[in-house]
Amino acid sequence: MTDTPLPFPHPSSAPAPMRVLVVEDDPVVRFAVQVVLARAGFEVEVAADGCAAVRAFRRRPSNAVVCDLYLPEKNGLEVMAELAGEFGPVPVVAISGGGSDGRVDLLAVAVRLGARAALRKPFAGAELVGAVRGVLGAGTESEANTAITTG
């Protein structure tokens, strides 16, 4: 055994947290999703409509996007298509309280159009964290049991 001190990692050598853009028009759901993901260690940016989401992603691309399908200005499917057209495949978790327009399950459409996961509201915080980690290839999480119920 030696008295040589162990190297202490320089703060800048620590990996940066994964960035997630949350696109949700309901302020209660947007805040709940933001808190759950931040507590799980993600850096979170939020947007309240589809146009703001595209602008935010252009300004600073995220590692993943959690996107509601029913949004003002530009719906979630349009956001997904625009981001994919401009940036290539973007890991998206599609979320929706309705999910269906009466004839078509829009969550299923989102998956066919490139979303890597889809969650129907209400969902538990653990489901959300697991879905985000899953689309990022980081496994699942069993924490954050807060239910996200509105929107």
Quiz item: What is the spin-label model distance, in nm, from Glu78 to Arg19 if the labels are put 7 Å beyond Cα along the C-beta direction?
Solution: 2.4
Quiz prompt | Note, ³J(HN,Hα) from phi for region 20-29, Karplus 6.51, -1.76, 1.60, rounded to Hz, x at Gly and Pro | solution = 10, 9, 9, 10, 8, 7, 7, x, 5, 5
Quiz prompt | Amide H within-cut-off set for Val66, under 5 Å, with H built and near neighbours excluded | solution = Leu21, Val22, Val23, Val93
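With the cut-off at 21 Å, report for region 33-143 the share of all Cα pairs above it, as a whole percent.
30
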Quiz item: Roughly how many nanometres apart are two label points built 7 Å out from the Cα toward the Cβ at Glu43 and Leu113?
Solution: 2.9
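Read-outs throughout are calculated quantities, based only on the coordinates presented, and are distinct from any laboratory measurement. Source: prediction; values computed, not measured. Note that each Cβ is placed from the backbone with ideal geometry, even for glycine, and that neighbours are counted across all protein chains shown.
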